[in-house]
Each structure stands twice: as C-alpha cells, then as structure tokens.
Amino acid sequence: MGLCIEVRDGGKTYASARGPVTALAHVGLEVREGEFLSLLGPSGCGKSTLLRAIAGLDPLTAGTITLRGAPITRPPERMGMVFQRDVLLDWRSIRDNVLLAAELQGLPRHAHEARAMALLERFGLGDFADRHPWELSGGMRQRAAICRALLCEPDILLMDEPFGALDAMTRDDLNLELSRIQQDGGRTVVFVTHSIAEAVYLSDRVAVMSTGPGRVVEVFDINLPRPRPLALRETPEFAVHVAAIRGLFSRLGIVKD
Amino acid sequence: MASSSRAQGIAGTLAVLVGLILIWEAAVLFFAPPPILLPAPSAILAELWSSPRYFLRHAGFTLWTTLAGFGLSVVLGVALAVAMVASRWADRVITTILVVMNSLPKVALAPLFVIWMGTGAEPKIAIAVMLAIFSIVADVALGLRSVDPDALALARVHRATAWRILWKVRFPNALPALFVGMKVAISFALVGAIVGEFVGGSAGLGHVILIAQGQFDTVRVFAALFVLGVIGTLLFYLVEATERLALPWHVSQRNQHGVLAR
Ligand SMILES: Nc1ncnc2c1ncn2[C@@H]1O[C@H](COP(=O)(O)OP(=O)(O)OP(=O)(O)O)[C@@H](O)[C@H]1O
Ligand SMILES: [Mg+2]
C-alpha cells in the first residue's frame, strides 16, 4: 500500500491570551492509501488539532504534512470531513444539506441529485430527504452529515469524533454502517475517537496519542478480518487488541487499572 | 392550530384597542373637555369620514416615501454590512460614519436636506434612510459574522470561494437578524418621512398635521395621527408576516409562545 498522508516532526503552538500553548510536538504519522486509521487518545492530546492540520484548515507551526508527496497548504480536492456536531444548516432540507457539498465546490446540483438520494436511502434517510434538520434525531442528523461528506466521492475522509455525542445504540448502528462503507474500498479514512473499542472495531491501524505535549506514541495494527460483524467485539481476538491498547494507556498513566 | 391561536391573538388585541377607545369616548362624554384640547374618538372618525380622499392622498404620499426609504435602507444596509464583514478597513470607516450620523439630530439636519433636494419626495426619503439604515447595518453585520465556525470549516473543506460562503452560508444565517433590523427600520423610516414632511413640502400626513395645527384644528391633527398609527402598525405586521413566510426554519418561528412559562 502506498503512502497517502505523512506528518513529519509536526508541531503546533497556539498563541493564546495566557501565552503560547503547545498542542502538538514532534508528531510523526503515516497514513496509508486506502486504510482506516484511528487517532485515539485522551481529551486535549491534540487529535482535533492534528486532524484540522491534515484537512488544510489550520496549518502546523512546525514540521511538514504531505499528501502523496505534496505539502498540504489548503484543503485538498476530493476530501470529505465529518465533525463532532453534524453542522447541518437549519434552512436547508436534509437533501439540500447533502447537496451543499457539491454547491460549495461550485459543482452542478443536478449532477449530484441522484447520488444524494442514493446515499440517503442507503443510510435509511430516504423518507426524510425533504424534512429539515430539526425534525430529525441526533443519530439521523449525523447520518445526514456523513452522506454530505460522501457526496462528492472523496478519496480521503476525515472524521472528528463523529459519534461522540450519540447514545451507545445509535453509535453501534453507525459503526456498523461506517465499517460497511469502508468495505467499498478505495477510501482513506482518518477517524478521531476516545473509545478504544470503537477504534479497534473500525480500524486497520490505531495511532495512540498522549498529552504533555500531544504526540503519537505508538501505532497498533488491527489485523482482524473484514467484514466485521458487531459481534466481533465479544471475541477473544478483539479483546486482545483492546487489552494491548489499554495496557499502553495505563503505562502512560492515562487510565488506572 | 397555529392559525387559530393567531386569530385569537388578533381578536384579543383588537378587543383591547376597542376597549381603550370606548373608555376614551366615555371620558370625553363625561368630562367634556374643550374639543380643541381633546376631541372624542367619534369626532375623529367623523373627520376622516368627511374627507376620505384628502386623507388617502396624503397618507399615500407618506406611505410611498416611507417604503422607498425603507427599501433603500435595506438594500444599502445589506451592502454596507457585507462590505464591513469583507474588510476590516471598511468596517472601521462605515462604523465611524454611521455612529457620527446617528448621533446628529435628524430634526436639525432635515432643513439642510430641503435646501439640497427641494420640497419633493427626495428629502423625505433621504431622512427616512438616515434614520432606518443604522439598525439594518448593525443587525445584518452581526448576523453575517455570527456563523458557526464549524460551518465555515465545512465550507473551506469543500474549497468554497468567499462569495459562495457569503451566499450559501453567511447570508442565510443573517436573515433572522435582517428581519429584526427591518422591524425596527420600518418604524424609523415612517418617523423619518414625517420629519421630512414637517420641514417642507405640501404633501403627506406630516404636512397635514402641520397645517391643521396652525389652524388649531385639533380633530384633524388627531385624525392624521390615527392614520399614521394604522399605517405604522400595518407596516410592522407586514414585515412580521414576511418573516414568518421567509424563515419557517428559524427557532424563533418554531417555538414562539409561552417560552418563558416553560
Ligand atoms: N484555538 C486554540 N487556542 C488555544 N489553544 C487551543 C486552541 N485549540 C486547541 N487548543 C489547545 O490545544 C490542545 C489540544 O486541543 P485539541 O482540541 O486538538 O484536543 P483533542 O485531542 O481534540 O481533545 P478532545 O478529545 O477533547 O476533542 C488543548 O490543550 C487545547 O486547550
Ligand atoms: Mg477534539
């Protein structure tokens, strides 16, 4: 597998009112073409900061980030992003919110209408296309946000704790759907999460981050077969991966046994 | 459901107004003040009834200068707000000019406008704009600025140009604020038009009041004020009705009544 995104010696210092805050220091990370990679770590370790830098939204203050060899200076083409909050626009119907991805890029709406509907159908929102965001549940809204990110067939998908605000059952549901999407192949996903189980279930590799200052400590290979049913999470193989990562966290003093 | 409660609201408001007018009528009957101080509502209605053409003509003029001033304020105000959001420099310049303009007494400026523009509709429209534009600019600029940062990040991820962000994200986001500004501006535009009519010209309800006052025709002054009140109220509710049609998606429209009770 080729290299898609590479972060070398990445650092980020925010200038805040109370002096500089170092969010990231000496971060190294490689994301391979077509893989699902999770960034896992405690709150404040700089996951969002790193993801936003990869997205070309907020540049790093040290080091380099490259996409297929070229430095990322602004949001690259064919990239989709899902945020922790769904960021649906209240004045647009669900269908129009999905189509916003095309409109913002200046692509013709009509060329994407069929795909928007197909995506909404696939995510169980077909009957809600003409509803407005406030008429939907949190899980449905986040599904719509994922449809929006997928509309223009991105080959890189960045997700910043997309399921963080959802209840456990809805979260399971969306984990399953996301892992199905990943089955379609050809898409590189960088996924931020707090949950070890979620990271293991979804990922090909899990990059564990730590605070003080934020950095990538270790990358775990998750060689569990795909497709992955939800029941995989009750198997011993799954537990082995979870235990390995939890072990690292307790050695880092992030979780107590 | 919503429309029947709205009908109830309108009926209630009218009932209160009619009640107040009846109290006024009764008080005038009872205390019998000289009509030159306070005429009875029935006398005011009779005055309107006796020369409907006269009042319609002058009300029409006031309405047209008010609407022209209001329309210009909206168009100019939105353009200025966009410029303010687009450039820090424009923001400084426009804010300063508006603050200076807003702190000058319009009544004192009105004669200048008559000197510059004559006694037709133009100075009235200009004064209406001067009064009304401030709230439009201030509210729209706030609305354009207070966009969810994540929505802007989303737009940037999709490589949207600044104009497209303005059109697809910022502007719709500012619409509720625009309506807040318009509800204030419509009343100010009416006041501006009347101020203009007080200073010069030969048409409009302001002119009617001025002439009638010179002749101690208190009934006619009150009749003109009554028409003015009706116009102001109708214009306000017209803006509000437009808001309901334009912003069905906004929280303020979805859950409007009894909010504080919950
Ligand atoms: N705009 C900013 N200005 C100053 N400091 C910031 C800013 N954004 C983030 N930080 C700091 O940088 C550090 C990393 O923040 P970041 O949001 O990347 O963490 P995170 O890993 O995403 O946390 P969480 O899991 O809670 O979302 C934190 O200490 C935070 O206080
Ligand atoms: Mg975060």
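Points to keep in mind about this one:
- In the set B:Gly229, B:Gly204, only one residue is small (Gly, Ala, Ser) and in contact (Cβ under 8 Å) with a residue 24 or more places away in the chain; that residue is B:Gly204.
- In region A:90-116, of all residues being surrounded by fewer than 22 Cβ atoms within 10 Å (Cβ to Cβ) and under 20 Å from A:Ser137 (Cβ atoms), the one that is nearest to ligand 2 (Cβ to nearest atom) corresponds to A:Asp90.
- Residue match in region B:43-52 (condition: assigned to a helix (DSSP H, G or I), out of contact with any helix residue (DSSP H, G or I) (no Cβ under 8 Å at 6 or more places or on another chain) and under 24 Å from B:Ile186 (Cα atoms)): no
- For region A:30-63, taking the residues that are assigned to a loop (DSSP other than H, G, I, E, B) and among the acidic types (Asp, Glu), the one that is farthest from ligand 2 (Cβ to nearest atom) is identified as A:Glu33.
- Reported count of residues in region A:38-53, each being within 14 Å of chain B (Cβ to nearest Cβ) and either within 7 Å of ligand 1 (Cβ to nearest atom) or over 10 Å from the mean Cα position of the chain (by Cα) (or both), is 4.
- Breaking point among (1) among the β-branched types (Val, Ile, Thr); (2) more than 20 Å from the chain's Cα centre (by Cα); (3) crowded, with 16+ Cβ neighbours inside 10 Å; (4) within 16 Å of ligand 2 (Cβ to nearest atom), for A:Val82: (2)
- Here B:Gly69 fulfils each of the conditions (1) more than 28 Å from B:Leu178 (Cβ to Cβ); (2) in contact (Cβ under 8 Å) with a residue 12 or more places away in the chain; (3) surrounded by 13 or more Cβ atoms within 10 Å (Cβ to Cβ) apart from (1).
- B:Phe222 passes every criterion in (1) under 19 Å from the mean Cα position of the chain (by Cα); (2) farther than 30 Å from A:Arg74 by Cβ apart from (1).
- Subset of region A:11-28 [within 16 Å of ligand 2 (Cβ to nearest atom) and not hydroxyl-bearing (Ser, Thr, Tyr)]: A:Lys12, A:Val21, A:Ala23, A:Leu24, A:Val27
- A:Val242 within 16 Å of ligand 2 (Cβ to nearest atom) and at pLDDT 95 or above: no
- Residues of region A:230-242 classified as in contact (Cβ under 8 Å) with a residue 12 or more places away in the chain and surrounded by fewer than 14 Cβ atoms within 10 Å (Cβ to Cβ), total: 2
- Among residues of region A:64-89 being more than 21 Å from A:Asp160 (Cα to Cα) and in a loop (DSSP other than H, G, I, E, B), the one that is farthest from the other protein chains (Cβ to nearest Cβ) is A:Gly69.
- Residue in region B:119-140 that is within 14 Å of another protein chain (Cβ to nearest Cβ) and either closer than 30 Å to A:Gly106 by Cα or surrounded by fewer than 19 Cβ atoms within 10 Å (Cβ to Cβ) (or both) present: no
- Looking across region A:200-221 at every residue that is in contact (Cβ under 8 Å) with a residue 24 or more places away in the chain and among the small types (Gly, Ala, Ser), the one that is nearest to ligand 2 (Cβ to nearest atom) is identified as A:Gly214.
- Number of the condition not met by A:His194 [criteria: (1) within 14 Å of chain B (Cβ to nearest Cβ); (2) surrounded by fewer than 19 Cβ atoms within 10 Å (Cβ to Cβ); (3) within 16 Å of ligand 1 (Cβ to nearest atom)]: (1)
- Filter pass, A:Leu119 being away from ligand 2 (no atom under 16 Å from the Cβ), touching a His at 6+ places or on another chain (Cβ under 7 Å) and more than 8 Å from chain B (Cβ to nearest Cβ): no
- Residue in region B:87-107 that is over 20 Å from the mean Cα position of the chain (by Cα) and aromatic (Phe, Trp, Tyr) present: yes
- Single match in A:Arg95, A:Arg148, A:Arg141 (criterion: charged (D, E, K, R), touching a Pro at 6+ places or on another chain (Cβ under 8 Å) and within 23 Å of B:Leu247 (Cβ to Cβ)): A:Arg141
- Residue within region A:162-185 that is within 14 Å of chain B (Cβ to nearest Cβ) and farther than 21 Å from A:Leu230 by Cβ present: no
- A single member of A:Gly139, A:Gly56, A:Gly126 is among the small types (Gly, Ala, Ser) and assigned by TED's automatic domain parsing to the domain that holds A:Pro162, and it is A:Gly56.
- Looking across region A:12-30, just one residue is more than 8 Å from ligand 1 (Cβ to nearest atom) and crowded, with 23+ Cβ neighbours inside 10 Å, and that is A:Val27.
- Just one of the listed residues (B:Phe188, B:Phe216, B:Phe236) is modelled with pLDDT of 95 or more, more than 14 Å from chain A (Cβ to nearest Cβ) and surrounded by fewer than 17 Cβ atoms within 10 Å (Cβ to Cβ), and it is B:Phe236.
The values are calculated or read from the model by the stated rules, or taken from the named source; none is laboratory data. As the structure is a prediction and not an experimental result, all values here were calculated from the model. Here the Cβ is made from the backbone with ideal geometry for all residues, glycine too, and neighbour counts use every protein chain on show.
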